[in-house]
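This report refers to the structure that appears directly beneath it.
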Amino acid sequence: MSFHIKINDTVKVLAGKNKGKTGKVIQVLPKDHQVVVENVNKMFKHMRSPRRGEKGQRIEFAAPLPISKVMIVCPKCGKTARMNLVREGAKRSRVCKKCKVEID
């Protein structure tokens, strides 16, 4: 399945506890319909110590978000916008519906 959102796109979160935050897409999980956004939806994982007497660790990581909860931010107009896929022969490109600028 193909998505309008790709790695290194800037997106804005539309719903949830991180609503309004923007960040760069680190990873796209098409099978699960999710994306991982940098500095958004941070979670902690507590790891037990490997040996007795040592301290455990608290690892921080960015958890995935549903792809329907994020919207791409146009690099030219700086607003969240829907994308339109335009075909020119074999080449497909994404175009912002607000300012009509090609993204790729």
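The values are calculated or read from the model by the stated rules, or taken from the named source; none is laboratory data. All values derive from a computational prediction rather than experimental measurement. Heads up, the Cβs are rebuilt from the backbone with ideal geometry, glycines too, and the neighbour counts pull from every protein chain shown.
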Residue count, the range 1-22 (criterion: surrounded by 14 or more Cβ atoms within 10 Å (Cβ to Cβ) and either farther than 23 Å from C74 by Cα or of a type in the set (S, T, N, Q) (or both)): 3
Residues satisfying the stated conditions in the range 58-86, i.e. in contact with a Ser or Thr (Cβ under 8 Å, 6 or more places away or on another chain) and either surrounded by fewer than 16 Cβ atoms within 10 Å (Cβ to Cβ) or farther than 25 Å from N18 by Cβ (or both): P75, L85, V86
Determine, yes or no, whether G16 is over 27 Å from E102 (Cα atoms), more than 11 Å from the chain's Cα centre (by Cα) and in a loop (DSSP other than H, G, I, E, B). yes
So is V25 surrounded by 12 or more Cβ atoms within 10 Å (Cβ to Cβ), outside any loop (DSSP other than H, G, I, E, B) and either in contact with a strand residue (DSSP E or B) (Cβ under 9 Å, 6 or more places away or on another chain) or at pLDDT below 90 (or both) or not? yes
Quick count over the range 30-56, residues being farther than 10 Å from V70 by Cα and surrounded by 13 or more Cβ atoms within 10 Å (Cβ to Cβ), is 5
Given (1) at pLDDT 90 or above; (2) outside any strand (DSSP E or B); (3) more than 10 Å from the chain's Cα centre (by Cα), identify the lone condition not met by H46. (2)
